[in-house]
Amino acid sequence: MIPRLIKCAYHPKEGLVLKIKPPKIDCLPEPLKKHLKTSGKEFLLAFRELIDTAIKITEEIEKAEKNGEEVRTRIEVQ
């Protein structure tokens with residue numbers, strides 16, 4: 001059985017909690033190792049984009065609050 005790379009849980013007081021634990025993949029076939037490494041990298045790139053977006057929104061809110069503007073956030077629905 002392949003161990004979970006990411007464990008995700010929601011706690012009302014803490015919010016969304018992500019735990020990342022790299023798997024030990026030494027005993028797996030080489031093509032599977034390569035795929036797991038590639039998919040892990042893709043996840044981390046997506047997670048970085050999520051963090052960058054959160055930072056951008058936070059900075060926009062701080063800038064608006066300093067200028068005395070009403071703070072609104074737009075949520076795009078796909």
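The values are calculated or read from the model by the stated rules, or taken from the named source; none is laboratory data. Only a predicted model underlies this, so the values are computations on that prediction, with no experimental measurement involved. Here the Cβ positions follow ideal geometry from the backbone for every residue, glycine too, while neighbour counts run over all protein chains shown.
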Out of all the residues in region 36-55, is one or more more than 18 Å from I6 (Cβ to Cβ), free of Cβ contacts under 8 Å to residues at least 40 places away in the same chain and basic (K, R)?
no
Limited to region 57-75, what total is found for residues that are under 19 Å from L16 (Cβ atoms) and surrounded by fewer than 10 Cβ atoms within 10 Å (Cβ to Cβ)?
2
Failed condition for C8, given (1) in a loop (DSSP other than H, G, I, E, B); (2) modelled with pLDDT under 85
(1)
